[in-house]
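Throughout, read-outs are computed from the coordinates displayed, never taken from laboratory work. What you are looking at is a predicted structure, and each value in this text was computed from that prediction instead of being measured. Glycine gets a Cβ as well: all are built from the backbone with ideal geometry, and neighbour counts include every protein chain shown.
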Amino acid sequence: MGEEKKFRLKFHEKVLTQDLPSLKPTVKDALLHFLNEKLAKKPFSYARPLRGNTDGYWKVQIGNYLLGFKIVGDLLLILSIIPYYKLYDQVISAPKKMH
């Protein structure tokens, strides 16, 4: 059996400077484990596309948080990690500059 494709993770600057530091250490550790061990290997198995005029944007719920991302080639561009009720506003308005 062949190796499964693993997507590379790239984090938006806001995720690195605001979203991740604001999480409790246990939540952050669980989320990073999920990203590396599950989402990076099978994003379409865990995530759903955002509804509305949001072509190419995806979400996945992890506990009380939603992770918003976009798939570009072999990259998962992580745009936001926030309480679920704030996702649409922040993912769609995320600046285009990637870290």
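Here the Karplus curve 6.51 cos²θ - 1.76 cosθ + 1.60, taken at θ = phi - 60°, turns the phi angles of the range 73-86 into couplings of x, 9, 10, 9, 8, 7, 9, 6, 10, 8, x, 3, 6, 9 Hz, with x standing for Gly and Pro. The packing ranking, built from the mean of other Cβ atoms within 10 Å per residue, places the peptides 52-63, 72-83 in the order 72-83, 52-63, highest first. The per residue volume of the convex hull around the alpha-carbon atoms of the range 8-92 is 86 Å³. Taking a straight line from the alpha carbon of residue 6, these lysines sit under 19 Å away, with near neighbours fewer than eight places off in the same chain left out: 38, 41, 42, 59, 70.
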